[in-house]
There are 2 protein chains.
Amino acid sequence: MSTKLDCIDRAIMRVLQQEGRVQNIELAERVGLSPSPCLRRVRMLEDSGAIARYVALLDPAKLGMGLTVFARVWLIGQDEDTVAPFVEAIRKLPQVVECQLMAGDCDFILRVIAPDLDAYRAFQMEYLGRIKGVRSIKTEIPMQTIKLTTEIPI
Amino acid sequence: MSTKLDCIDRAIMRVLQQEGRVQNIELAERVGLSPSPCLRRVRMLEDSGAIARYVALLDPAKLGMGLTVFARVWLIGQDEDTVAPFVEAIRKLPQVVECQLMAGDCDFILRVIAPDLDAYRAFQMEYLGRIKGVRSIKTEIPMQTIKLTTEIPI
DNA sequence: GTTGAAATTATGGTCAA
DNA sequence: TTGACCATAATTTCAAC
């Protein structure tokens, strides 16, 4: 499936991880290729799935969604009949931007974004807490984001 | 600074959050504008910072970085002399893709990516655990990613 | 990987609503 | 103030080499 990636392929990905909308001409210059082979490599990386997608990253604070909360959720059981409806419910909630099924002492870790603490509290009350199968929720609030990147080291 | 965003501005951001590299012509069609005013709005959103940046999202598994780990870190103190060097060290480690200073029972939550558990263990031993001021580290491992998006609901 | 040409797109000015 | 239209410049894209 994944034919070997050489140094130039990785250079292309490094650039695109930082500037996803860089033009092919400039990308080619930066990785030391002419535009044609550079574009061929980008298409190959896209087709292979190494480049999954391109997205615009918005500034949550500027859009009135400045609060991020981690919610640790325990269900009443780990059987499929309990987990599946929870997972389905979570997938439909756009405020939940991440959900990890954990191996450790809690069932799920959720990352939720909200305008502020009041809004989050309302969201937990009205949505999270009402999902069938939820036993308890413990909220953890970041005071400061030290680092946050979508960049994978390659 | 942030002049009011109307319905079309939000539609533009919704599209760009999903397809960051969509061409202006197609973007314009989708939001019901002709290309010129659409591009003007995009530039405005970029300049205002509502659109922070564009990035390519890579597939970690396809690049041999299939493991994500959450590490909860406690320092020996919360004074600036303890925290500042830790923060600096974390910022330099590309394997740490996220670091949150927590308000709750642990000092920091880190998201670390690694090829596998052995590699993570080595990373914790050789890097994380050796940062000055670190008292203890507790590792939590996701078994399955239920949901993970960069999309902010707007 | 290179070159070059054709098709498409981005861009900015201008006018109209 | 905002959008549509048009002309130009730049880029993308795909041949053939």
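The values are calculated or read from the model by the stated rules, or taken from the named source; none is laboratory data. Source: prediction; values computed, not measured. All Cβ positions, even for glycine, are placed from backbone atoms using ideal geometry, and neighbour counts span all protein chains on display. What goes into the accessible areas is simple: the full protein's heavy atoms, side chains included, and nothing from ligands, DNA or RNA. Shrake-Rupley method; radii C 1.70, N 1.55, O 1.52, S 1.80 Å.
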Worksheet, complete the sentence: When A and B pair up, the total accessible heavy-atom area removed from solvent (1.4 Å probe), in Å² to nearest 100, is 6100
Fill in: Per residue solvent-accessible surface (Å²) - the range A:60-140, probe of 1.4 Å
49
Worksheet item: Suppose R0 equals 30 Å; then what is the FRET efficiency for B:Glu88 and B:Glu151 from their Cβ-Cβ distance, rounded to the nearest 0.05?
Response: 0.45
Worksheet item: Considering only Cα-Cα distances, which of the following residue pairs are longer than 31 Å: A:Lys132/B:Lys4; A:Lys92/A:Lys147; A:Lys4/B:Lys92; B:Lys62/B:Lys132; A:Lys92/B:Lys132?
Response: A:Lys132/B:Lys4; B:Lys62/B:Lys132; A:Lys92/B:Lys132
Item to complete: Please average, across the residues of B:106-115, the number of beta carbons from any other chain that are within 10 Å of each residue's own beta carbon, and give a whole number.
Response: 2
Item to complete: Give me a single rounded figure for B:9-22: the average over its residues of other chain Cβ atoms within 10 Å of their Cβ.
Response: 3
Fill in: Exposure ranking of B:Asp59, A:Asp107, A:Asp79, B:Asp81 by accessible area [1.4 Å probe, largest first]
B:Asp81, A:Asp79, B:Asp59, A:Asp107
Worksheet item: For chain B, rounded, prolate or oblate, judged on the Cα gyration tensor with a ≥ b ≥ c (square roots of eigenvalues), a/c < 1.5 rounded, else prolate if a/b > b/c?
Response: prolate
Worksheet item: Got a number for carbon plus sulfur as a percent of chain B's accessible area, 1.4 Å probe?
Response: 52
Discussion item. Over chain B, with a Gaussian network built from C-alpha contacts below 10 Å, which listed residue (B:Leu117, B:Leu33, B:Leu128) shows the highest mean-square fluctuation?
Written reply: B:Leu33
Discussion item. Please compute the contact order of the range A:7-48 in relative form: average sequence separation of alpha-carbon pairs under 8 Å and at least six residues apart, divided by the residue count, as a percent.
Written reply: 37
Discussion item. For the pair A:Arg130/B:Asp118, report the inter-label distance in nm, with labels modelled 7 Å from Cα in the Cβ direction.
Written reply: 5.0
Response to the item:
Taking r as the C-beta separation of B:Met143 and B:Ala103 and R0 as 30 Å, the FRET efficiency to the nearest 0.05 is 0.65
Fill in: Which of B:Ile8, A:Ile51 is most accessible, then next, and so on - probe 1.4 Å
B:Ile8, A:Ile51
Response to the item:
For the pair A:Ile76 and B:Glu19, the simple spin-label estimate (label points 7 Å beyond Cα toward Cβ) gives in nm 4.4
Fill in: Probe 1.4 Å, all protein chains present, accessible-area order of B:Glu126, B:Glu140, A:Glu29, largest first
A:Glu29, B:Glu126, B:Glu140
Item to complete: Would you mind calculating the gained length between A:Ser48 and A:Arg10 on full extension (0.36 nm times residue separation, minus the Cα-Cα distance), in nm to one decimal?
Response: 12.3 nm
Worksheet item: Dipole of chain A (Lys/Arg Cβ +1, Asp/Glu Cβ -1, origin at the Cα centre): which of A:Ala11, A:Gln23, A:Leu110 lies farthest to the positive side?
Response: A:Gln23
Worksheet entry | Nearest-20 debye value, the protein assembly as shown charge dipole, Cβ charges on Lys, Arg, Asp, Glu | 400
Practice prompt. Taking 10 Å² as the minimum loss, tell me which residues in the range A:29-53 lose that much accessible area going from the chain by itself to the full protein complex (1.4 Å probe).
Written response: A:Ser48, A:Gly49, A:Ala50, A:Ile51, A:Ala52, A:Arg53
Item to complete: Could you check which residue among A:Ala50, A:Ala71, A:Ala122 shows the biggest mean-square fluctuation in a GNM of chain A with a 10 Å Cα cutoff?
Response: A:Ala50
Item to complete: Quantify how strongly other chains surround peptide A:61-67 by giving the mean number of their Cβ atoms within 10 Å of each of its Cβ atoms.
Response: 4
